[in-house]
1. Condition first: in contact (Cβ under 8 Å) with a residue 12 or more places away in the chain and assigned to a helix (DSSP H, G or I). Now tell me which residues in region 144-171 satisfy that.
2. Check off (1) among the basic types (Lys, Arg); (2) at pLDDT 95 or above; (3) out of contact with any Phe, Trp or Tyr (no Cβ under 9 Å at 6 or more places or on another chain) for Arg73 and give me the number that stays unchecked.
3. Let me confirm something: among Ala159, Ala208, Ala213, which residue is open to solvent by 20 Å² or more (accessible area, probe 1.4 Å) and either at negative phi or at pLDDT below 95 (or both)?
4. Does region 236-276 hold any residues that are touching a residue at least 12 places away in the same chain (Cβ under 8 Å), more than 12 Å from the ligand (Cβ to nearest atom) and assigned to a helix (DSSP H, G or I), and which are they?
5. Being among the hydroxyl-bearing types (Ser, Thr, Tyr) and either over 15 Å from Ala387 (Cα atoms) or more than 14 Å from the chain's Cα centre (by Cα) (or both) is the requirement here; does Ser42 meet it?
6. Inside region 252-279, can you point out the residues that are more than 18 Å from Leu349 (Cα to Cα) and more than 19 Å from the chain's Cα centre (by Cα)?
7. Quick one: Met391 ticks every box in (1) within 16 Å of the ligand (Cβ to nearest atom); (2) in a helix (DSSP H, G or I); (3) more than 19 Å from the chain's Cα centre (by Cα) bar one, so which box is it?
8. Looking at region 186-203, can you tell me whether even one residue there is open to solvent by less than 40 Å² (accessible area, probe 1.4 Å), touching a Pro at 6+ places or on another chain (Cβ under 9 Å), within 11 Å of the ligand (Cβ to nearest atom) and not in a loop (DSSP other than H, G, I, E, B)?
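The values are calculated or read from the model by the stated rules, or taken from the named source; none is laboratory data. Everything numeric here is computed off the predicted structure, so don't read it as measured data. Glycine also receives a Cβ, built like all others from the backbone with ideal geometry; neighbour counts cover every protein chain displayed. Protein only, heavy atoms only, side chains kept; ligands, DNA and RNA dropped before computing areas. Shrake-Rupley method; radii C 1.70, N 1.55, O 1.52, S 1.80 Å.
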Amino acid sequence: MARTDAMILGAGIVGTSVALHLARRGMSVALVDRASVGEQTSYGNAGIIEGNTIFPPAFPSDVGSLVRIALKRASEANYHISFLPRVLPWLLAFREASRPERLAETARLIRPLFSRAVVEHETLMAEAGATHYLRKTGWLKVYRGKKSVAALAPEFELAAKFGLPLDALDMAGALALEPSLHPVFAHAVFWPEAASVSNPLGVTRAYAARFAALGGVILSGDARSLHRTGNRWRVETDEGALDSAECVVALGPWSSDLLARFGLRLPLAVKRGYHRHFRAQGNAGLARPVLDAEVGYLVTPMEQGIRITTGAEFAARDAPPSPAQFDRIIPRARQLFPLGERADGKTWLGSRPCLPDSRPVIGRAPGQAGLWLALGHAHWGLTLGPATGRMIAEMMTGVPPFCDPAPYRAERFS
Ligand SMILES: Cc1cc2nc3c(=O)[nH]c(=O)nc-3n(C[C@H](O)[C@H](O)[C@H](O)COP(=O)(O)OP(=O)(O)OC[C@H]3O[C@@H](n4cnc5c(N)ncnc54)[C@H](O)[C@@H]3O)c2cc1C
């Protein structure tokens with residue numbers, strides 16, 4: 001039986017960042033996963049470090065969108081009808097949190113954490129030799145309808161209040177930034193303070209390698225074996241039992257499987273999402289991720305090719321893939337960018353771990369001494385991994401956290 005100061009369950013971008021931050025503070029730490037580092041949700045995302053995020057994605061407020069989604073004609077969302085009764089309470093809570101005043105409150109609450117997103121990655125990347133993955137080229141959102149400019153006013157107002165720069169561009173301005181785009185949109189918004197990475201898996205692996213170089217141990221094991229023994233936590237690994245005084249649950253969309261066993265019930269649902277890779281035609285290319293906002297997909301340059309990622313699918317986490325959204329997205333994506341042939345053989349599916357108020361849970365687990373939670377990062381696990389790692393490591397080592405942890409407490413769901 002081995003002992004460490006802390007064990008981290010889950011080696012996605014969130015758990016790996018937590019482990020690295022604790023190891024940097026001199027703790028002996030084990031990172032435990034049943035699969036390889038970074039190969040689940042953290043593998044297939046769009047690679048954006050969304051330091052600019054103001055409003056979280058909201059429940060649709062217009063009847064037209066709801067009808068299109070209900071009729072399965074929407075490109076931005078899909079659902080499995082058999083899953084709707086199970087997810088209904090979550091959807092109702094999500095709709096409630098999508099009222100304009102709640103969204104404005106969320107924007108204010110999450111800003112301190114998001115404002116550190118890029119800089120916390122830069123710190124870890126510099127140490128981990130991963131800076132070559134980072135592109136500080138912002139991201140571009142293109143809008144096909146002229147009407148949507150007015151709808152952006154609340155976001156622009158808050159951006160000004162938060163001191164977040166943006167450029168509202170006409171088509172010519174956007175094409176100057178991304179000359180390979182076709183002129184099928186009316187206007188665009190450029191967010192210069194967002195960043196992106198060319199290989200999310202490469203980033204997580206680099207942080208894990210840095211963690212190991214600092215003496216951290218990476219073990220294979222099933223988190224569901226977690227139990228208490230005296231005043232410590234124990235998990236079974238391929239190397240035998242591992243005991244720690246402190247245990248951090250960072251199991252992404254699998255977190256509830258474990259927490260329910262300790263009586264911790266969080267309203268964690270998944271918004272599933274897919275990606276496919278394509279080659280670009282000729283010399284076409286992109287310098288940054290581009291969101292086709294009303295159509296609801298992202299096109300983003302990766303080492304593996306041009307990655308197209310989809311919006312949300314409401315379905316059971318483990319249900320078979322149903323990438324029907326691509327049938328509607330790919331023709332629209334070809335209108336926007338000269339996509340060539342497929343660069344991969346299969347469609348990737350991942351599950352964004354989402355809480356209805358769009359805030360992650362970061363902090364102590366209620367009523368369980370030594371148990372910590374770092375989960376529910378929804379659309380922003382890559383964005384917030386290092387900032388989360390720093391915040392929880394500061395809390396665990398008795399240092400005042402760099403931003404107020406209160407908005408992330410699990411107790412808000414009690
Ligand atoms: C299509 C798509 C696009 C996205 N784009 C972006 C983006 O551009 N920017 C951004 O910031 N975020 C994005 N996201 C969200 C982001 O990918 C997630 O929020 C993030 O990956 C979650 O990280 P995690 O470490 O919490 O979970 P995961 O990466 O899923 O890690 C959880 C780990 O727990 C392990 N595990 C599970 N069960 C067990 C068990 N029983 N025992 C041991 N180990 C276990 C898994 O093997 C896994 O390694 C996107 C997501 C999707 C699906």
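1. If the condition is that a residue be in contact (Cβ under 8 Å) with a residue 12 or more places away in the chain and assigned to a helix (DSSP H, G or I), then Ser148, Val149, Pro154, Glu155, Phe156, Leu158, Ala159, Phe162, Met171 are the ones that fit.
2. Of the numbered conditions (1) among the basic types (Lys, Arg); (2) at pLDDT 95 or above; (3) out of contact with any Phe, Trp or Tyr (no Cβ under 9 Å at 6 or more places or on another chain), the odd one out for Arg73 is (2).
3. The conditions single out Ala213.
4. Phe262 - this is the single residue of region 236-276 that is touching a residue at least 12 places away in the same chain (Cβ under 8 Å), more than 12 Å from the ligand (Cβ to nearest atom) and assigned to a helix (DSSP H, G or I).
5. It is true that Ser42 is among the hydroxyl-bearing types (Ser, Thr, Tyr) and either over 15 Å from Ala387 (Cα atoms) or more than 14 Å from the chain's Cα centre (by Cα) (or both).
6. Across region 252-279, the qualifying residues are Asp257, Leu258, Leu259, Ala260, Arg261, Phe262, Gly263, Leu264, Arg265, Arg279.
7. (3)
8. Yes, because at least one residue in region 186-203 is open to solvent by less than 40 Å² (accessible area, probe 1.4 Å), touching a Pro at 6+ places or on another chain (Cβ under 9 Å), within 11 Å of the ligand (Cβ to nearest atom) and not in a loop (DSSP other than H, G, I, E, B).
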